[in-house]
Each structure stands twice: as structure tokens, then as C-alpha cells.
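See structure below.
Please treat every number below as a calculation from the coordinates, not as lab data. Small disclaimer: the values here were computed from a predicted structure and weren't measured. Counting neighbours? That spans all protein chains shown, and the Cβs are built from the backbone with ideal geometry, glycine included.
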Amino acid sequence: MDLFVAIFTGTVIAATPLIFAALGELVVEKSGVLNLGIEGMMLVGAAFAFWAVVAGLPMPLAILAGALAGAAASLLFGVLALTFLTNQYAAGLALAIFGSGVSAFLGRNFGSEPIDGLKPLAIPLLSDIPVLGPLLFRYDPLVYLAILSFVAIAWFLSRTKGGLILRTIGESPEIAHAIGYPVVKIRYWAVLFGGLMAGLGGAYLSVAYTPLWVENMTAGKGWIALALVVFATWRAYRVLLGAWLFGGMTILQLQGQALGLAVPSELLSALPYLATIVVLVIISQNRQMLAEHFPASLAKPFRPTV
Amino acid sequence: MRDVTRREFLRYSGAGGVALGVGGLPGLAAAEEKLKIGVVYVSPIAEIGWTKQHSLGVEAIKAELGDKVEITVLDNIFMPQDAERVFRELAASGNKLIFGTSFSHGTPMQKVAPRFPETAFEHCSGIVHLANLGTFEAKYYEGTFVAGAAAGHMTKTGKIGFIGGFPIPDIVGPANALLLGAQSVKPEITCNAIFLNSWFDPGKEKEAANTLVSQGCDVICSMTDTPTGVQVAGEKGAWSIGYASDMSKFGSGKHLTAFMLDWSRDYVGAAKAVAAGTWKPEVRWDGLAAGVVKMAPYNEAIPADVREKLKQLETDIGSGKVHPYTGELKDQDGNVKVAAGSVLSDPDIRGMNWFVQGMIGNLG
């Protein structure tokens, strides 16, 4: 049972930075914009949040600083892609490289500082329930925030007028513009929100998940978040499931290795990726499912003509 | 030391990524008699870890030879194709001694070295030697054996955990020695091993440490380039063993010791030899005796008499009285690999691709 608890909680925690970043990107892509720079925004968020903690800011403010730094980084992409209508792939990649460089530069001076990471909440009574307590009620606040933001984003996208407008812009910015919606402005907000969430995911890494700063500490999580959005065929709940599947496979392969399973560790390490590919293949069997929620104008630049 | 500002500027502005090389640098009017030395790091110079220990070697050259040398340092050069360009540029711009600090620098160095026969190349953790390419490497296993003995004294569960980058001999060997050191205290101890199959992934390293703790390991040895393993072990109340640098400040008081690397002897030795014109390509492979491997201060929680024993063990390994791989050694399936009374030969140590009995893990 202890082992099950370890695997379950490990999965939930490992999935948290992916959930933040991928949900943010989902909103961006739903507005018809493709921002490939998640990795860079996460790194900037991670560096700023860590920096804020070292500078003595209280934890909630430090996390906010990380999120805002991610948003600020995304603004760079926004200006390039939305105002100057540069190629979104190129602008996103530039942001990924830029963010990695900027965060490395910022991090030069505080690399050796150990900090006290974000502490788990000990919810009175609930966290003491046998089994269920450690399974559900002993995470740090950001884990719950990730779940809450999933609920909020899923609800926003499918049940609110704002979500409908956002999706319309992602489907056909021309029509949205003709009806009178400020397409570029709304896309800016979506991009900023994506940056905020990526920054939050990065902050989670540097102040909660592994409370330290090392250069390029995201180790590719931004790219996985990007892939998760495709994997989820642009549905919020599938983003959540995908993040858990990926996190779970990572934990399981490590448990398998430590138990001495008669499988080479290289193969076990590839498991999360293999599982992802298998699911993608299954999804691709169903064309309709793939196309249903795909934002038709994704990555196409839009300039209001009138 | 000369700062390569243009390259750094480009890197941090994100325009160029790594390895733009030094070709476009304005030639500095160096005084004729100065010995020009080039050093290529595989990662940025962090405050701890692999590259930090190499930077201490460079510092040692500066301390020893002062303004007789001019050192050019390039960091974060990992990909072999980038490295080849960088090595060629360094050699072409008149550096007489060039250090490569990672296994991945090997192939490019072997390609570049023959074209610059007047230049001395030194490769850390290399295996191939040429007329002007020498290598230096540490006997990590001596350090892990001592650390393992410390773990053997402190473990309550009789299970220790090991986290490594890749299942290669340079990491499998030290993992074995860790367990053998622990078994020298209590023969029934076992060791669970996890390989991240990545040189660098703090998140995965955290999960690996968590996994080992959840499976009952109460000492975690992390042979990776971040303090994550030490940090997680400390949070979970398990003892930890650091690698490359002293990582005690990350260990919440649970850092038993670390097997540290000190390359200053290799760096200063090569620089002096080149300056004196006596440099020859050598195969240097040293451990505790030469001080290339050093143990970090032992945790005060280890009983004083045990700490004395560990220090004695360091001396005995250094003098050759104790050899970590002394028979009888069996592999995981119980086959005798080293007969009682003999020790594993040096080539066999450097090619170790099997786990000793008591290791739990699979090498495929």
C-alpha cells in the first residue's frame, strides 16, 4: 500500500508542471496562435521565482513573480507574432532559445543557494485519514491550484461566452472580426495567459518540485507540454489525463528499475514516450476525433483588413 | 583569464546557441612568452558539480603560474559537432595546451589533434591516446567504496540506493564499489540502482530518489550533476552521498559525505610540462592516493570511532592495502568473476559492465 501511495502521489506531483504549461498552451492554441516557446517561458518563470525566494520574498509572491515573468516573456512572442505577423513557428522557437539564455544569465549568481521549498499543506483532519489522507490531502498548494485551473479552464472554454468567442477566433478570425470582436487584442490576452501558466509551471519546478536552480532545469518539460496539447486533441480533460499518464509512466519505470525488473533500463526509460505514441496512434485512427476540436486557423497570421 | 564576451553575449541574447567558436574574436596581442591554454567545459560553470571541479583545476593553474599563462575558457559545449569546431579554433589560434573535459569531447579531439601535432591535448575521462593526446580520469570507485562503508554503518534497513546517469562502466563500477564498501561492514546489505538515461534531468532524479526511499532505501547515493538526489533524501529523512562537490548544504543535515573530484594536479602538471617543453601524452588514472578523489567532511552524526575507521580506510585504499574489488566477487547470477584473494584487473575495472551480487537492477 505504501508503494501504491508513493506511485500515486509521485504521479500527481510529476504531472503538475505539465498541467500548468499544457493548459496555458491549450488556451493559446484555442485562440488560433501556436506558441512553441513554452520551454523558454517555463525557464524564465523558474529563474524569477527562485530569484524572488533567494531575495527574501514570501513564497506566494515569489510564485506570482515567476508567473508574471513567464507572461512578460510571452509578450515578446506576442509582439512578434501578433503585431508584426512574423512566422509563429520561428517566433516561438526564438522565445524558447531566448528564455533558456536569459534564465541562464539570471541564474548565474544564485546557482548554489539552497532554499526551503514550498511546504505541503497539512489539511487538518482530512490529511490524517488512513490511505486517503496521504493520497489526496498532503500536496503543496500548487498541486491543488493546477487542478482548480483545469476546472476553471475546461469550464471557461466549453461553457462561457468568453470561451465561445475565443474558440471562434481560433476557428475563423475573419468571421470573429466581422462580427466585431477585437481579434488581435483577445489573442494577446490568450498569449499572456499562456505565458502566465508556463511561468507558473516553471516556478513550480524551481521552488516546489526540485527547490534549486540549475541551468535548463526544465529538461524538456516545455516540449512535452506542447506535445500534450496535440495528444489531448485540444480537449482540456485529455490534457489532464495525458499529463497523469506521462507522469505515471515515468514513476512506474523508475519503480520497475529499482525493483530490478529483467528489462533494460533504456527500454524502461522510453516507456512514457512509447505509451504516448501508442495513444496517439489510437487517436489518429479516428479522423473525426482529431479534427473535431482542432482550431482551424492555428498558426495562421491574421491582420484585420478594415 | 580572458572573458569571451562576444560569445557570451550571443549566447545570452539567444541568437546563436552554443559553440559559435572563437574564430571571429579579435586576436589579442599576447606577449610572446605567455603560454596559451584553452579549456572547453561541457556545461556552464555552476557552483557545484562536474564543471565546477574542472574550473577549480583552471584556478589552480592561475594560482601556480599566474601571468605566465593566458587561459581561454569556453563553457556549455556538449555536442561533438560543436566541440570539433571549438577545438580546431582553439588550436588554430595558438593555444599550446587544450583541455577537453567530457567523454563526449573524445571523438572531436581525436579528429583535431593529429592536425596540430605541436599542440598538447588533454582529455578528461578519455580512453583513446594519440601522439599528442593524453588522458586523465579519476578512480571514482575508491571514493564510492569509502562512502559505501559509511553507508553500511548508518543504514538501518540494510538497503541503499544508487542513482546514475547511464549504465556505462564509469558509473556501473562505482555503483558496485558502493555496495562492496557497504558489504564490507554488513555483508547482507543490498543496493537498488536506477539509471536516469539522461545526464541531466533534475525532475527525474527527484522521482528516482523518491522511488528508492519508497522501496525502503535509507541511504541514497546520487552520481549525477545536480544536488537533487541529496536534497530529496534529506527531505525524506534518508542519508545521502554526494558526488563531485561537497553537497552538504543541500542535505538537510543528512549528507553523510561526498566523493569529490580534484583535478588541479592534472591541470597544473600538464601546464607546467608544456611550459617546460617536457609534456608527453600520459594515461593518468588516480584516486585517493593522488588526491584526485577526496572525501568530503564526514557527517558529525557518524560515530567518532566510525569516522576514524573511514579515514583509515581512505589511507589503506590509497596505499593499496585495501582494494575495493578484492575477490571473491560474484555477479548477480552468482558466477564467480574474481577469485578469492585476487583483485579485478585495471582493464576489467574500466570495462565493468556487470553488477556484483546484491545489486538490484538490470543492465540489459
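Its alpha carbons considered, region A:30-144 gives a radius of gyration followed by a Dmax of 18.0, 57 Å.
Listed by Cβ neighbour count within 10 Å, with the fewest neighbours leading, B:Cys124, B:Cys217 appear as B:Cys124, B:Cys217. Rounded to the nearest whole Hz, the Karplus-based 3J(HN,Hα) values (6.51 cos²θ - 1.76 cosθ + 1.60, θ = phi - 60°) of region B:284-301 follow the sequence 9, 9, 10, x, 4, 4, 7, x, 6, 9, 9, 8, 5, x, 6, 4, 4, 5, with x at glycine and proline.
Diffusion coefficient of the protein assembly as shown by Stokes-Einstein, Kirkwood radius over Cα pairs, 10 °C, 1.306 mPa s: 60 µm²/s. For the protein assembly as shown, a simple Cβ point-charge model (Lys and Arg +1, Asp and Glu -1, everything else neutral) yields a dipole of about 1500 debye relative to the Cα centre. Taking the Cα centroid of region A:240-260 and of region A:73-152, what is the distance between the two, rounded to the nearest whole Å? Region A:240-260 and region A:73-152 have Cα centres spaced 21 Å from each other.
Phi-derived couplings, Karplus 6.51 cos²θ - 1.76 cosθ + 1.60 at θ = phi - 60°, listed residue by residue for region B:158-163: x, 10, 10, x, 10, 10 Hz, with x used for Gly and Pro. Our Cα-only numbers for chain B put the radius of gyration and Dmax at 21.1, 64 Å.
Stick to Cα atoms and the Kirkwood definition of Rh, then tell me Rg/Rh for region A:178-287.
Numbers: Rg = 17.8 Å, Rh = 16.5 Å.
Value, to two decimals: 1.07.
For the Cα trace of region B:253-364, dividing Rg by the Kirkwood Rh returns an Rg/Rh value of 1.05.
Counting other Cβ atoms within 10 Å, which GluC sites (Glu not before Pro) in region B:179-215 have at most 13 and lie in a DSSP loop? Don't skip to the answer; put the middle values down first.
Details: sites: B:Glu188, B:Glu205, B:Glu207; in loops: B:Glu188.
Answer in residue order: B:Glu188.
Which GluC sites (Glu not before Pro) in region B:247-316 sit in a loop by DSSP (not H, G, I, E or B) and have at most 11 other Cβ atoms within 10 Å of their own Cβ? Here the GluC sites (Glu not before Pro) that fit, given the DSSP loop and packing criteria, are B:Glu300.
Filter the chymotrypsin sites (Phe, Trp or Tyr not before Pro) in region A:1-87 to those in DSSP coil with at most 10 other Cβ atoms within 10 Å of their Cβ, and list the result.
Working: sites: A:Phe4, A:Phe8, A:Phe20, A:Phe48, A:Phe50, A:Trp51, A:Phe77, A:Phe84; in loops: A:Phe84.
In loop regions of region A:1-87 (DSSP not H, G, I, E or B), the sparsely surrounded chymotrypsin sites (Phe, Trp or Tyr not before Pro) are A:Phe84.
Among the listed pairs B:Lys52/B:Lys159; A:Lys119/B:Lys254; A:Lys221/B:Lys294; A:Lys30/B:Lys206; B:Lys249/B:Lys294, those whose Cα-Cα separation exceeds 29 Å are B:Lys52/B:Lys159; A:Lys221/B:Lys294; A:Lys30/B:Lys206.
With only Cα atoms counted, region B:214-265 has Rg and Dmax values of 10.9, 41 Å. State the Cα centre-to-centre distance between region A:19-40 and region B:79-105 in whole Å. Between the Cα centres of region A:19-40 and region B:79-105 lies a distance of 39 Å. Residue exposure proxy: A:Met289, A:Met59, A:Met197, ordered by other Cβ atoms within 10 angstrom of their Cβ from fewest to most, comes out as A:Met289, A:Met59, A:Met197.
Semi-axes of the equivalent ellipsoid for region B:120-232, computed as √(5λ) from the eigenvalues of its C-alpha gyration tensor and ordered from largest down, come to 28, 18, 10 Å. Working note: Cα atoms of region A:2-292, range along each principal axis, descending, whole Å: 59, 49, 42. Going from the residue with the fewest nearby Cβ atoms within 10 Å to the one with the most, A:Met42, B:Met247 rank B:Met247, A:Met42.
Based on DSSP, what percent of beta bridges with both residues in chain B are antiparallel, to the nearest 5? Given both bridge residues lie in chain B, the antiparallel proportion sits at roughly 15 percent.
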